[in-house]
Amino acid sequence: MLKLLNFSVSWFGEVAENFQQNFQEPATSEMDGIYLFNCHLLFIIISIVLLIWWLLYVICDNFLDNSNNLVFNFTHASSIEIIWTTIPALILLSLASPSFSLLYSLDEITNPEITLKIFGHQWYWSYEISDYKTCTNENKSLKFSCYLLTNDFLKDCNNLGFFRLLETNKRIFLPSNTHIRLLVTAIDVLHSWTIPSFGIKIDACPGRLNQANLFIKRFGVFFGQCSEICGVNHGFMPIVAVVCSSSSYYNIIYELTL
Ligand SMILES: [Cu+2]
């Protein structure tokens with residue numbers, strides 16, 4: 001039964017797992033970039049740690065042996081100083097180049113097809129979709145609020161297929177392979193709209209509008225949480241996004257706005 005449950009968890013939900021060591025599976029190019037950069041950093045860090053441990057061992061080993069005259073009288077060498085100054089500088093350069101390109105790619109805004117407005121409240125998220133003129137000509141916008149589904153509610157459903165503290169009463173629908181613009185702000189205090197699989201974390205600040213680009217590459221149900229400590233119920237304002245094909249998305253939005 002447990003295996004069955006784990007299978008359903010990994011199949012249906014993009015959520016953190018017990019004792020997880022790695023990132024959640026990327027669903028956007030930005031998150032792919034973050035993941036690759038993380039692997040790049042990890043390789044360099046492990047290499048440096050191994051090299052330093054080896055050097056320490058060699059130094060300790062040689063200096064313990066007083067009969068080794070070369071090491072015992074070795075006090076100064078310009079060539080080694082040049083090497084241990086230039087190699088770290090080159091390593092830092094190799095980190096700076098992918099880091100900057102990734103940073104700028106996260107800020108890139110390509111001509112978006114739809115805009116999702118996100119409002120942080122104490123303690124829930126509300127959303128507005130207002131530019132879907134391709135499916136309806138009416139001047140209406142779709143507004144809804146997403147509240148946490150409590151444990152009591154989940155118990156009534158026997159907890160089947162639900163994640164504790166991650167489910168909301170309404171889910172955000174988003175189309176895949178579409179450029180989406182996120183406009184984020186807060187009504188009361190600072191919040192942060194975060195979905196790990198999208199590689200996105202935008203601060204929601206009262207009186208300020210933040211913008212981000214989102215291009216989701218695959219279908220799925222993606223879970224996130226507020227990532228700014230915003231008050232007593234900070235841990236109870238989750239985010240659930242259902243990503244479907246763009247044609248299904250327009251059909252759903254059309255039905256909802258009729
Ligand atoms: Cu918050």
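General remarks:
- Computed over the chain with a Gaussian network model linking Cα atoms closer than 10 Å, the most mobile of Phe153, Phe119, Phe37 is Phe153.
- Cα-based Rg of segment 114-257 normalised by 2.2 N^0.38 Å, two decimals: 1.03
- Screening the chain for whole DSSP H helices with an alpha carbon extent of at least 20 angstrom along the helix axis and a mean Kyte-Doolittle hydropathy of at least 0.0 yields 29-64, 78-106.
- Spread over its residues, the convex hull of the C-alpha atoms of the chain is 196 Å³ per residue.
- Vicinal HN-Hα couplings computed from phi for segment 198-209 (Karplus, 6.51 cos²θ - 1.76 cosθ + 1.60; Hz; Gly/Pro x): 8, x, 10, 8, 10, 6, 9, 10, x, x, 9, 10
- Sites excluded, GluC sites (Glu not before Pro) in DSSP loops with at most 12 other C-beta within 10 Å, longest stretch of the chain: 139-258
- Evaluated over the chain, the count of Lys pairs having alpha-carbon atoms less than 16 Å apart is 7 (only pairs 8 or more residues apart or interchain).
- Cβ crowding within 10 Å ranks Asp156, Asp131 as Asp156, Asp131, fewest other Cβ atoms first.
A short reminder: the numbers here are calculations on the coordinates, not readings from a lab. Quick caveat, the model's predicted, so the values are computed rather than measured. Every residue, glycine as well, gets a Cβ built from its backbone with ideal geometry; the counts of neighbours run over all protein chains shown.
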